[in-house]
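> Have a look at this one.
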């Protein structure tokens, strides 16, 4: 599906950082990781524990914007949707990071449990269906509030308060976010002329049964998951594939090329993006007061445009 576009989407992108170029997004992620570590170290020290910090590079490979070009037919002919195979830049300085594992390994069982309780929160018994839980090291943790999630919850809560996300989830601006989500749900569920033309083109080219582009993408993901099976075979970009996965990768390229050509033939992207933009423009006009208040609140936090 084309990415939604419009003035409200741009504002949210500014708040969430999705409007940044990939390099800057990477730098922001690194800064967030560093801030999260700082908060955890602070909290763990207050609980009487040292928290191991490593400066070792743990990114073995990365996909950069320079080599991720799904809008090029030549790129699609080589990588398909970029699901099973994708271009990567290998970090030649990569080293596996065992700092945390070795730190825990030097502890006794009781010391390790106390450390984990401080970091993640105390474990609970088998959860009741419908409870908000997470599983850490094979133990159930109450995830209903940040207070029950130890120092990791403390760090997450503080980072949220330091970001524009907390504004969006506040009582003042949550109705605006909910209205915007409803708009997108309505736009996504409506069947447009473009969404009628694209399936017909796919069916005419040996790929029937899809109602929208994401269905073609998801079909390959489903086939890949089935091929991985219970063994949960890891699919590493640039790595060796099993014969079954290689066959699916070939089908992915074939399907992705037909999808690409059908999008071009039906002018799919332009027609859908125009529709999104017009709807967003109307939304901004209808919610001008709340959006201006959100911008003012961001400016007070130093996050304004």
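> Give me the one-decimal nm value for the distance between modelled label points at residue 172 and residue 267, 7 Å along each residue's Cα-to-Cβ direction.
Calculated label separation equals 4.4 nm.
> Subtracting the Cα-Cα distance from 0.36 nm times the residue separation, let me have the gained length for residue 77 to residue 125 in nm, one decimal.
12.2 nm
> Let me ask something else about it. For region 166-305, what relative contact order do you get, as a whole percent, if you take Cα pairs closer than 8 Å and at least 6 residues apart?
29 percent
> Between residue 289 and residue 161, what FRET efficiency follows from the Cβ-Cβ distance if R0 is 22 Å, with the result rounded to 0.05?
Calculated transfer efficiency: 0.35.
> Still on this structure, I have one more. Report the semi-axes of the equivalent ellipsoid for region 166-305 in whole Å, largest first, where each axis is √(5λ) for an eigenvalue λ of the Cα gyration tensor.
39, 23, 13
> At what distance in nm do the modelled label points of residue 228 and residue 185 sit from each other, each positioned 7 Å from its Cα along Cα→Cβ?
2.9 nm
> Given R₀ = 30 Å, what would the calculated FRET efficiency be for residue 69 paired with residue 99, taking r from the Cβ atoms and rounding to 0.05?
Approximately 0.25, to the nearest 0.05.
> Need the full-extension length gain, residue 29 to residue 10, defined as separation in residues times 0.36 nm minus the C-alpha distance. One decimal, nm.
4.9 nm
> Taking 35 Å as R0, compute the FRET efficiency from the Cβ-Cβ separation of residue 50 and residue 300 and round it to 0.05.
0.40
> Moving on to the next point. Working out 0.36 nm times the residue gap between residue 139 and residue 106, then minus their Cα-Cα distance, what length gain in nm do you get to one decimal?
Additional length available on full extension: 9.8 nm.
Here, each number is a calculation from the coordinates, and none is a lab measurement. Computed from a prediction, not measured in an experiment: that's the story for all the values here. Quick reminder, even Gly has a Cβ in these numbers, built from the backbone with ideal geometry, and neighbours come from all protein chains shown.
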